[in-house]
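The next block holds one structure in the form of structure tokens; read it before the comments.
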Amino acid sequence: MSAPAEGIIQIELSVSAGKGAARIENARPLGIASRFSGKKPAEVANLVPLVFSICRAAQSAACAEAMENALGNAGSTRAKAIRSLLVLAETAREHALQVLHSWPRCVHAPDPALASASIKRLLTLDREIGKSVRNPNAIDAARLDHAISELTAILGEAVFGELPSEWLVRRDVAELALWARRNETLAQTIFEYLVQTGMADAGAAEMAPLPALKPEDLRNVLCSERPDAFGAQPVWEGLPRETTPLSRQAAHPLVESVKKRYGYGLLARLAACLAELAEIPGQMRAQAAALATAEHHAQSPARNSGSGLGFAEAARGRLIHAVEIADGTVQRYRILAPTEWNFHPQGAAARGLACIALSPAARREMLARLFITAVDPCVGYELSFNRCTKCRSA
């Protein structure tokens with residue numbers, strides 16, 4: 001059977017001489033952006049959300065910023081605020097879908113009682129938020145406010161069992177454990193299960209977060225004549241880096257507390273996802289308030305040639321677009337997605353899964369699938385297990 005058009009990631013876990021290993025082969029197509037060469041910047045901006053259905057808002061935001069930087073166009077503050085708002089809404093949807101749909105599949109649990117209705121409402125809200133800002137000169141503030149309130153209610157009912165702002169009050173692992181014991185939502189049940197079975201530290205490994213990158217250094221690599229090796233298996237300063245909700249939320253007090261007790265394992269990764277999700281309604285309200293006074297007159301392009309980078313913190317990590325334009329035509333276009341960092345053969349997923357390969361046989365597959373979902377490859381994956389020797393028994 002042929003691989004899907006968006007590609008697939010092959011993952012194999014094994015144990016040899018008492019040591020776990022994870023072999024990752026990333027078969028995602030990386031040359032999609034090459035089809036933008038020879039087109040006008042406006043054409044590319046229109047094509048990007050059509051070509052990339054996953055994380056469409058983040059892809060569009062990174063594309064817009066790259067074009068603006070290449071052409072010396074600062075862009076309006078209102079347009080930037082709208083882009084940020086749409087990326088936040090998309091991230092909330094993606095994280096919530098993980099909790100309500102993907103997490104249950106990993107642990108072989110039935111969908112939570114509210115899952116189906118909540119997912120439908122989330123998808124409707126995503127469209128409502130987009131419609132509320134479709135006309136940048138006439139934001140539908142009432143429609144936007146209602147959508148954010150609805151999102152807050154959905155997350156409170158189906159994910160947290162309380163308002164997201166109430167969940168954020170927690171600051172240490174003991175408070176998190178008390179929340180999990182209520183077992184009112186699937187997220188609570190999974191957290192409680194990991195703690196009670198001694199699996200909260202599953203997949204715990206050192207983290208090498210992706211740092212702030214110097215644009216000129218990154219542009220030189222991505223816009224070189226031969227960027228393929230870097231794009232397929234990127235490293236920075238000699239290390240495969242991580243860009244995930246965990247790397248973004250590592251300094252959050254609750255995530256820090258979990259890390260001190262269990263390391264950067266499954267519980268820390270799932271807690272980081274929830275911490276980021278709980279913060280989004282407040283961040284969206286801040287962006288909505290900023291729209292009321294934001295300047296909406298964009299500068300005209302200062303030139304018709306140049307190179308630029310665009311960044312967006314997508315649900316799965318930092319997304320990077322690079323473009324070279326000459327005489328008003330795109331010459332090169334490159335995209336570096338978080339999947340290539342996180343599923344590098346020696347990257348975050350590989351390090352954590354190598355530890356999980358040593359888990360009890362009865363739980364190994366469940367823990368591996370939950371860990372893969374927490375890191376999130378963005379595309380489908382196939383998981384297999386080589387013949388293990390000296391694995392711990394259940």
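The values are calculated or read from the model by the stated rules, or taken from the named source; none is laboratory data. Just so we're clear, the structure is a prediction, and the values are computed from it rather than from any experiment. Using ideal geometry, Cβ is built from the backbone for each residue, glycine included, and neighbour counts are taken over all protein chains shown.
For segment 180-192, does any single residue satisfy the condition of being farther than 23 Å from L370 by Cα and surrounded by fewer than 22 Cβ atoms within 10 Å (Cβ to Cβ)? Scanning segment 180-192, I find no residue that is farther than 23 Å from L370 by Cα and surrounded by fewer than 22 Cβ atoms within 10 Å (Cβ to Cβ), so the answer is no.
Here the helices (runs of 4 or more DSSP H) wholly within segment 228-271 that include at least 1 residues being modelled with pLDDT of 95 or more are 245-249, 253-262.
Could you look through segment 101-134, keep only residues that are acidic (D, E) and either within 21 Å of the chain's Cα centre (by Cα) or assigned to a helix (DSSP H, G or I) (or both), and pick out the one that is modelled with the lowest pLDDT? Full working, then the answer.
Filtering segment 101-134 down to residues acidic (D, E) leaves 111, 126, 128.
In the following step, the residues that additionally are either within 21 Å of the chain's Cα centre (by Cα) or assigned to a helix (DSSP H, G or I) (or both) were identified as 126, 128.
Values: D126: 85, E128: 93.
The selected residue is D126.
All conditions but one from (1) among the acidic types (D, E); (2) buried (at least 16 other Cβ atoms within 10 Å of the Cβ); (3) at pLDDT 90 or above apply to D145; the one that does not is (2). Of all the numbered requirements in (1) crowded, with 20+ Cβ neighbours inside 10 Å; (2) more than 22 Å from R316 (Cβ to Cβ), F160 misses one, and that requirement is (2).
Being closer than 29 Å to I32 by Cβ and either crowded, with 20+ Cβ neighbours inside 10 Å or within 18 Å of the chain's Cα centre (by Cα) (or both) is the requirement here; does E279 meet it? Please lay out each step first, then the result.
Values: closer than 29 Å to I32 by Cβ: no; either crowded, with 20+ Cβ neighbours inside 10 Å or within 18 Å of the chain's Cα centre (by Cα) (or both): yes.
The answer is no for E279.
Considering only residues in segment 321-348 that are among the charged types (D, E, K, R) and either more than 17 Å from D228 (Cβ to Cβ) or more than 22 Å from the chain's Cα centre (by Cα) (or both), the one that is surrounded by the fewest Cβ atoms within 10 Å (Cβ to Cβ) turns out to be D327.
In segment 171-189, the condition of being β-branched (V, I, T) and assigned to a loop (DSSP other than H, G, I, E, B) is met by at least one residue.
Please list, ordered by residue number, the helices (runs of 4 or more DSSP H) wholly in segment 6-100 having 3 or more residues that are touching a residue at least 40 places away in the same chain (Cβ under 8 Å), surrounded by 20 or more Cβ atoms within 10 Å (Cβ to Cβ) and not hydrophobic (A, V, I, L, M, F, W, C). Spell out how you get there, then give the answer.
On the way: elements: 41-51, 56-71, 77-97.
Answer list for segment 6-100: 56-71, 77-97.
Checked against the criterion of being of a type in the set (K, R), farther than 22 Å from R105 by Cα and either modelled with pLDDT of 95 or more or surrounded by 20 or more Cβ atoms within 10 Å (Cβ to Cβ) (or both), the candidates R351, R387 yield just one match: R351.
Residues checked against (1) farther than 29 Å from L122 by Cα; (2) of a type in the set (G, A, S):
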site: R248; (1), (2): no, no
site: L254; (1), (2): no, no
site: Y262; (1), (2): yes, no
site: I280; (1), (2): no, no
site: H296; (1), (2): no, no
site: S305; (1), (2): yes, yes
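Within segment 193-216, the set of residues being more than 24 Å from the chain's Cα centre (by Cα) and part of a helix (DSSP H, G or I) comprises Y193, V195, Q196, E216.
When restricted to residues that are among the aliphatic types (A, V, I, L, M), under 23 Å from P211 (Cβ atoms) and touching a Phe, Trp or Tyr at 6+ places or on another chain (Cβ under 8 Å), segment 251-270 contains 1.
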